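The values are calculated or read from the model by the stated rules, or taken from the named source; none is laboratory data. Please read all numbers here as calculations on a predicted model, not as lab measurements. For neighbour counting, all protein chains shown are included, and Cβ atoms are generated from backbone atoms with ideal geometry for every residue, glycine included. Surface areas here come from the heavy atoms of the whole protein model, side chains and all, with no ligands, DNA or RNA. Shrake-Rupley method; radii C 1.70, N 1.55, O 1.52, S 1.80 Å.
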Amino acid sequence: MMTAKEYVESLRRLKTRVYLFGEKIDNWVDHPMIRPSINCVAMTYALAQDPRYEDLMTAVSNLTGHRINRFTHLHQSTEDLVKKVRMQRLLGQKTASCFQRCVGMDAFNAVFSTTYEVDERHGTRYHNNLVDFLIMIQERDLTVDGAMTDPKGDRSLPPHKQDDPDLFVHVVERRPDGIVVCGAKCHQTGSVNSHWHLFMPTMAMGENDRDWAISFACPADAEGLYMIYGRQSCDTRKLEDGCIDTGNTKFGGQEALVVLDHVFIPSEYIFLNGEYEFAGMLVERFAGYHRQSYGGCKVGVGDVVIGAAALAAEYNGVEKASHIKDKLVEMTHLNETLYSCGIACSCEGCPTKAGNYQIDLLLANVCKQNVTRFPYEIVRLAEDIAGGLMVTMPGEKDFSSDTVVGSGGETIGEICGKYFAGRPGVSARDRQKLMRFLENVCLGSAAVGYRTESLHGAGSPQAQRVVIARQGDMRGKKELAKRIAGIGN
C-alpha cells in the first residue's frame, strides 16, 4: 500500500491535462486551488498506514489474499459494508471535506457484480477484464474515479435522439483490439486526483442506445482525455497563501468536467459494450452503493460542524443557554439518524451472484433521501448558533494590519482584535478562524462537499424517490392490511 507522500508523488508522474480559468495548469499538483483536494485523498492513504485504524482502513483481498486499502476492496460480507461506512465517517471527521475515493470503490463493486451477469447471459469476458483490472488497482493501491454522470442535453430525450451524440459518452469506432469513445462526464468528484477512470452509463437504455451502453476504464492521462476544473464558492481565497479566510486551509473537495475526445480503449479494459439491457442494472447498483456512502462521509463532516457550532456558542459565552443546548441536540439527532441509515442498509446487505455483497437498495435510498434534507438543517442550526459574524467579519489582512487609524495610535489589526473579541480567554484570532471555518462548510467551497453535494451527489432527491417507490412493495403492504382487516374472507 502507498503512503500519503507516495500518492502525491505518483500524481506528479502522470501527464494529466488539467485546465483552470481557461488555461492549462502544468503543475496542477501544487496549485493552491487544487492541492487541498489532493490532501483529502492523501488522508485515505495516511490512515491506512496508521495501526490504530488498520481494521477500518484495510482489508484482505478476496482476489489476491494480500492486505489492501479498503478503498480498493470488493465487499465480502455485511461486516465489510458496515466497516466501509465507519471508515467514511472517520475520514469525514479527519478532513471535514470530500475525500473523493468512495466513488471509485462504489463503481467497481457495482461493475463487478453486473459484468458477472452480463457474461452469464452473453458469453462475454467482461468480468475477467474487471477482475484483472481490479487486481492491478489493488496491488498498486491506485485511486479510481467512478464516472457516471453525462451532461444529458435535453433530458426528455434518450441518448440516440440527442442533437449532439457527445452529450452521452458513446462509441464512435469499433476496432478488433478495442473501441474509440467520445463524450464527457460532468462534475466528477476527484477526477483530477485519480490515477484511473472507470466509466459507466448514466441511465437505463433501449436497443437504439447500444453505442451509449458502455463501461470501460482508462488512465487519467490517456491521449484525448482532459479535464476542466470546476469552480467553487470562495475558491480564489485559496490563492491567498495560508489565509485564515479560506476556512479549511488544508483540505477541500474537487469536481471537474472530464472530456473524452476520440480516446482509444483497449479490449481488456472494456466492461460493457452495447448490452443495453444491463445499463439500468449497473446504474441502480452503483447508485445504491454510493447512496450508502453518504451515510458515512456526510456524518463525519457533520460531526465537525456540530463541534464547530458548540465551540462558537462557547466563544460567544452562550453555551449554557437552553435553546443552544437544544439546537446542538437536534443537530446530533439528525446526524446520527443519517448514520443509522448507512449502517442499516449495510447490515441488511446480501451477496450478489458474483459473490461480493450489495447493500439493501431500499434502505440505501432512504439513507440518501434523508441526506438531501438533514445536512441543510444541520447547517442552518450551525449558522443560527454562530451568528451573522461568520459572513460579515473583516479579512485576515485587516486583523494583521499595522495601519494606524485610532486616535490613540491603534492599528486596524488592534481595532479588529478589540471589537471582535469573544468571552475572556478567547482570542479574536481563534474566533476568526472558527467563523471562517463555519463559513467555508456552510456557504463556501466545502459546501460543495457537504451541503450542496448532499442534495445532488449520487442522484438528486427524485432519483431516490423513484427507487423507494419501486422497492417499497406497496402491493405486499396492502395484502398485510387486507389480511388483518379480514378483507376478502
Check your understanding: Can you spot a residue in the stretch 154-167 that is in a loop (DSSP other than H, G, I, E, B), basic (Lys, Arg) and touching a helix residue (DSSP H, G or I) at 6+ places or on another chain (Cβ under 7 Å)?
Key -> no
Exercise for review: Could you list, in sequence order, all residues of the stretch 219-237 that are of a type in the set (S, T, N, Q) and under 16 Å from ILE25 (Cβ atoms)?
Suggested key: GLN232, THR236
Check your understanding: So, of the residues in the stretch 94-120 that are surrounded by fewer than 20 Cβ atoms within 10 Å (Cβ to Cβ) and touching a residue at least 40 places away in the same chain (Cβ under 8 Å), which turns out to be farthest from the chain's Cα centre (by Cα)?
Key -> GLU120
Review point. Within the bounds of the stretch 312-333, is there any residue that is among the aliphatic types (A, V, I, L, M), modelled with pLDDT of 95 or more and in a loop (DSSP other than H, G, I, E, B)?
Key: yes
Exercise for review: Could you give me the residue pairs with C-beta distances under 6 Å whose first residue belongs to the stretch 151-164 and is over 13 Å from ASP209 (Cβ atoms), whose second residue is in a helix (DSSP H, G or I) wherever it lies, and which are 6+ apart or on separate chains?
Suggested key: PRO151/LEU167; GLY153/LEU167
**Study point:** Matching residues in the stretch 208-240 - criterion: being surrounded by fewer than 16 Cβ atoms within 10 Å (Cβ to Cβ) and either in a strand (DSSP E or B) or touching a Gly at 6+ places or on another chain (Cβ under 6 Å) (or both)
**Key:** SER233
Check your understanding: Of the residues GLY190, GLY123, which is over 21 Å from PHE264 (Cβ atoms), buried (at least 20 other Cβ atoms within 10 Å of the Cβ) and either more than 26 Å from the chain's Cα centre (by Cα) or not polar (S, T, N, Q) (or both)?
Key -> GLY190
Practice item. Return yes or no: is LEU363 open to solvent by 10 Å² or more (accessible area, probe 1.4 Å), in a helix (DSSP H, G or I), free of Cβ contacts under 8 Å to residues at least 60 places away in the same chain and within 27 Å of LEU389 (Cβ to Cβ)? Key: no
**Study point:** Members of the stretch 247-301 that are in a loop (DSSP other than H, G, I, E, B) and either open to solvent by 20 Å² or more (accessible area, probe 1.4 Å) or of a type in the set (A, V, I, L, M) (or both)
**Key:** THR249, LYS250, PHE251, GLU275
Point to revise | Verdict on ALA354 being surrounded by 15 or more Cβ atoms within 10 Å (Cβ to Cβ), part of a helix (DSSP H, G or I) and of a type in the set (Gly, Ala, Ser) | key: no
Check your understanding: List the pairs whose first member sits in the stretch 57-73 and is charged (D, E, K, R), whose second member is in a loop (DSSP other than H, G, I, E, B) and open to solvent by 10 Å² or more (accessible area, probe 1.4 Å), and whose Cβ atoms are under 8 Å apart, counting only residues at least 6 apart or on separate chains?
Key -> ARG67/MET1
Review point. Which residues, taken from the stretch 302-341, are open to solvent by less than 20 Å² (accessible area, probe 1.4 Å) and either under 27 Å from ARG429 (Cβ atoms) or free of Cβ contacts under 8 Å to residues at least 12 places away in the same chain (or both)?
Key: GLY302, VAL305, ALA308, ALA309, ALA312, ALA313, ILE324, MET331
Study note, to complete from the structure: Only one of THR337, THR352 is within 27 Å of the chain's Cα centre (by Cα), under 30 Å from GLU120 (Cα atoms) and of a type outside the set (Lys, Arg), namely THR352
Practice item. Those residues that are over 16 Å from GLY224 (Cα atoms) and in contact with a strand residue (DSSP E or B) (Cβ under 7 Å, 6 or more places away or on another chain), I need them from the stretch 168-182; list them, please. Key: PHE168, ASP177
